[in-house]
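Colleague: Once you've had a glance at the structure underneath, I'll fire off some questions.
The values are calculated or read from the model by the stated rules, or taken from the named source; none is laboratory data. Nothing here was measured: the structure is a model prediction, and the numbers come from that model. As a convention, Cβ positions derive from the backbone with ideal geometry for all residues, glycine included, and neighbour counts pool all protein chains shown. Note: areas computed on protein heavy atoms with side chains; ligands, DNA, RNA excluded. Shrake-Rupley method; radii C 1.70, N 1.55, O 1.52, S 1.80 Å.
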Amino acid sequence: MPPKNEVIDDPTDPGGTLRPNLPPEPTVGTHFTPLPCPEFDYCINLPASVDRHSPIAIFDLFFAPEQMRILVENTNINRPFHQMGPRNRHALDWKDTFVEELYAYLGILIYMGLHPENDIDQYWCIDVNNQPSHGPVRTSMARDRWKQISQAFHIAEKGKSAFEKVKSTFLSVYYIVY
């Protein structure tokens with residue numbers, strides 16, 4: 001750690017982050033020179049067994065089908081025990097989710113990250129004259145069902161940490177080493 005007189009507290013994080021105590025830049029100009037970036041040939045390195053033209057095959061590299069089944073099980077176990085929506089005949093009772101529906105749910109989550117809106121309900125808005133149209137969301141899943149799955153979505157079993165397996169592996173390695 002540098003001597004105390006060479007660093008100062010960050011005003012946005014008092015007592016936490018330290019930053020170098022450097023004098024301010026003497027001038028600011030209008031000329032910008034970008035860093036040199038050498039040309040390179042890119043290559044998509046996917047395993048030979050993966051169909052490059054299948055979005056699901058590529059997505060399965062991040063969440064394997066077995067992991068998706070675990071997410072479905074944990075989401076169904078964590079289901080809400082109350083109806084969603086108004087207490088009338090239109091209230092939405094829980095129906096167990098399944099792998100294909102969870103793919104749609106996660107796809108909508110990714111879409112929402114790429115197309116941010118101020119309110120979740122705007123993704124299902126049908127007033128295309130005054131609002132952006134999010135047809136892929138509307139045609140994939142109903143808004144109330146998406147909200148219901150969001151309430152129930154669970155990675156690990158109820159009451160257990162998703163990191164239990166990682167923690168137990170770490171502890172077993174720790175005890176072997178020491």
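Colleague: So which pairs qualify, if the first residue must be in the range 99-115 and open to solvent by less than 40 Å² (accessible area, probe 1.4 Å), the second must be not in a helix (DSSP H, G or I), the Cβ gap must be under 6 Å, and the two must be at least 6 apart or on different chains?
Modeller: Filtered contacts from the range 99-115: Ala104/Met141.
Colleague: Kindly evaluate Asp60 against the criterion of being in contact with a Lys or Arg (Cβ under 8 Å, 6 or more places away or on another chain) and either at pLDDT 90 or above or of a type in the set (S, T, N, Q) (or both).
Modeller: Against the criterion (in contact with a Lys or Arg (Cβ under 8 Å, 6 or more places away or on another chain) and either at pLDDT 90 or above or of a type in the set (S, T, N, Q) (or both)), Asp60 does not qualify.
Colleague: Filter the range 119-164 down to residues that are modelled with pLDDT of 90 or more and in a loop (DSSP other than H, G, I, E, B) and give me whichever is nearest to Asn74 (Cα to Cα).
Modeller: So, considering only residues that are modelled with pLDDT of 90 or more and in a loop (DSSP other than H, G, I, E, B), the one nearest to Asn74 (Cα to Cα) is Phe153.
Colleague: Let me ask another. Does Arg69 count as open to solvent by 70 Å² or more (accessible area, probe 1.4 Å), in contact (Cβ under 8 Å) with a residue 12 or more places away in the chain and under 29 Å from Thr97 (Cβ atoms)?
Modeller: Details: open to solvent by 70 Å² or more (accessible area, probe 1.4 Å): yes; in contact (Cβ under 8 Å) with a residue 12 or more places away in the chain: yes; under 29 Å from Thr97 (Cβ atoms): yes.
Judged against the criteria, Arg69 is a match.
Colleague: Can you name the residue in the range 12-57 that is surrounded by 10 or more Cβ atoms within 10 Å (Cβ to Cβ) and of a type in the set (A, V, I, L, M, F, W, C) and is also farthest from the chain's Cα centre (by Cα) among such residues?
Modeller: Looking at the filtered set, the residue picked out is Leu18.
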